[in-house]
Each structure stands twice: as structure tokens, then as C-alpha cells.
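The values are calculated or read from the model by the stated rules, or taken from the named source; none is laboratory data. Since we're looking at a predicted model, the values are computed, not measured. Heads up, the Cβs are rebuilt from the backbone with ideal geometry, glycines too, and the neighbour counts pull from every protein chain shown.
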Amino acid sequence: MQRIPMTVEGFRALEAELKMLKSEERPAVIQAIAEARSHGDLSENAEYHAAKERQSFIEGRVAELEDKLARADVIDTSKLKGDTVKFGATVSVMDEDTEETFVYKIVGEDEADVANGKISISSPLARAMIGKEEGETAEVSAPGGAKTFEIVSIGWA
């Protein structure tokens, strides 16, 4: 069974989503199905089919979240430190072509949100940076060609 690395915050977010699905969404969709059934003929009842589809989505997501939480390898990033890039590090990088600077925190796949500066441990940029130190460069294959990033700083926030 493959473990899934994630931060404490990411684990809590998945737990909260699971709780919401079980305590709010499930009962609401069951009620919607019951109400749609009361309207008669189910073969042409769009409300019923929409509610059943929603129920299927909810049950699938619940199963997915339960699996991920069971396989979670929760890493408390506040206790990490070091001179090399690894999971949980907040890394400032500079694009060597444009000299633009970006700051990314390396997190688990389910936590990734590039708009908020969080990239997945399995992303090409994160994989290229893992094990590097400040001042080293990471080369990433991109659709437009190879991009080179210099690691400006590594932090552990």
C-alpha cells in the first residue's frame, strides 16, 4: 500500500471535507431522492436522476477520501529543517530567463494550489528541486522547452 505524503493542514482539510460530505451532503441528497420519488414515475423524473447522480458522486468522493486518509503519511513541516529542498520546504526560485522570482511550498498532491504558492511533490518543478541547495539550479522540461530556475532560498515555515 503506497503512502501519500501530506502536511498536517492538508490532512485536516481532507478530514473536514469528508465530515461535511457525510454529515451534510449525504443526508441532503437522500432527502432529495425521497422527494423526487414522491413525484411519481421515475423513468422520466429529471430531479430523481440528478439526485441519484449527485449521490453517486458523493459516495465516490467519500470512498476516495477515506482511502487517502487511511494511506496518509502526515508530515509536520514545522519540525523540518535543513539546507536542501525536500517535502514541506518553502522555496524561493528565480526563472533564469525572465529573472522573475516565485515562492512555492512543496506539499502533497491533494494540497497543490499554484495560485496560492503550493506545488505538488510530484510536479516537474518540485522533482527538479528536491535535494538541491541554495544557489543551485533546477532544470525543468516544459512544453515550450527547458526552463532553468535558480534556488534563491529555502525556508521551513
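Take the residues of region 44-97 that are touching a helix residue (DSSP H, G or I) at 6+ places or on another chain (Cβ under 6 Å) and in a loop (DSSP other than H, G, I, E, B): which is nearest to T137 (Cα to Cα)?
V85
For region 90-112, which positions are of a type in the set (A, V, I, L, M, F, W, C) and touching a Lys or Arg at 6+ places or on another chain (Cβ under 7 Å)?
V107, A112 - these are the residues of region 90-112 that are of a type in the set (A, V, I, L, M, F, W, C) and touching a Lys or Arg at 6+ places or on another chain (Cβ under 7 Å).
Being surrounded by fewer than 18 Cβ atoms within 10 Å (Cβ to Cβ), modelled with pLDDT of 90 or more, among the charged types (D, E, K, R) and assigned by TED's automatic domain parsing to the domain that holds E139 narrows it down to one of D113, D83, so name that one. Working first, answer last.
Numbers: D83 fails: modelled with pLDDT of 90 or more.
Checking each option against the conditions leaves just D113.
Provide a single number: the residues in region 1-43 that are part of a helix (DSSP H, G or I) and more than 30 Å from I106 (Cβ to Cβ).
Number satisfying all stated conditions: 16.
What is the residue count in region 7-38 for residues that are in contact (Cβ under 8 Å) with a residue 24 or more places away in the chain, surrounded by fewer than 15 Cβ atoms within 10 Å (Cβ to Cβ) and among the basic types (K, R)?
1
What is the number of the single condition among (1) more than 18 Å from the chain's Cα centre (by Cα); (2) free of Cβ contacts under 8 Å to residues at least 12 places away in the same chain; (3) closer than 17 Å to M6 by Cβ that P143 does not meet?
(3)
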